[in-house]
1. Please state the shape class of region 77-204: rounded when a/c is under 1.5, otherwise prolate if a/b exceeds b/c and oblate if not, all from the C-alpha gyration tensor.
2. For a footprinting-style exposure proxy, rank His109, His168, His178 by other Cβ within 10 Å, fewest first.
3. Rounded, prolate or oblate: which one fits region 51-107, using the alpha carbon gyration tensor with axes a ≥ b ≥ c (rounded when a/c is under 1.5, else prolate when a/b beats b/c, else oblate)?
Amino acid sequence: MNARLRLVADRTAVAGAPPGTAGQPPGGGPHEEPLHEEPGPGAARCLGLYAKLAAGVTVVTARGEDGPLGMTVSAVTSLSARPPLLLACLRDGSRTLAAVRARRAFAVHLLREEQQELAGRFASPTTTAAERFAGTDTRQVLGVPVLAGALAWSVCLTEDVRRYGDHHLVVGRLAAVHVGGGRPLLWHDRRFGALTGPLPDAVG
C-alpha cells in the first residue's frame, strides 16, 4: 500500500482521555462519570494503547423523541457479509444510544477528510442536538436521519445491544447502503488524519 497517514491539527482534541469511545474524538455528554481503576493496567495506560488504534471517523444518527440525534464514533467495524452486519460501540448513557435501542434503527456515516468540522460538532459535549444538525443537509431513509455528503453511509436495523464496561456494542443489519468516492477522515493518537498518495481504482 502506497498510501500514508498524514496527521492534521485537531481543534477538538483534549488532553488526557477523551470521553466517548476510548481514543475517539470527544463525543460524551456533560455528565460524564470518571473512569474508575480496575485490576490490571491503569485506565490511563489502556487509553494510551487505544489511542494508537487508527480508525475511520463516523457519525451515528438515530431518530429521538424530539428530533434527530447523533454522535461522533470511531469504534465501528464490519462484522458479517452474510447476513450483512456491522458493529458500533456507543457510550453508555448517550441519548443516541437510547434512541437506537428504542427505535431499533440507526445510520452510520463514514466521513470524508473534508468533514473534520462536522466530526468535531457531533463530538462536542456542549453542542445540542439541534446545533449538531444545523446547516447540514439531512433526509429520512427508512425513518432514520441521514446526512448528505458522507463518503459512505448505511441505515441499519438494530439486531442486538450489549453492555461491556462503559460502552454498549450495537449490532446492526444493513438495510440501505450508499458508497461514494473520496478519502476517509481518520482518527489516530487523539488527532484527525488523512491518507495521502493516489486513490485506489474504483471497484465497480
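The numbers here are math on the coordinates, done by the rules we state, and not lab data. Please read these numbers as outputs of a predicted model, since none were measured by experiment. Counting neighbours? That spans all protein chains shown, and the Cβs are built from the backbone with ideal geometry, glycine included.
1. Rounded, because the longest to shortest axis ratio a/c is under 1.5.
2. His178, His168, His109
3. oblate
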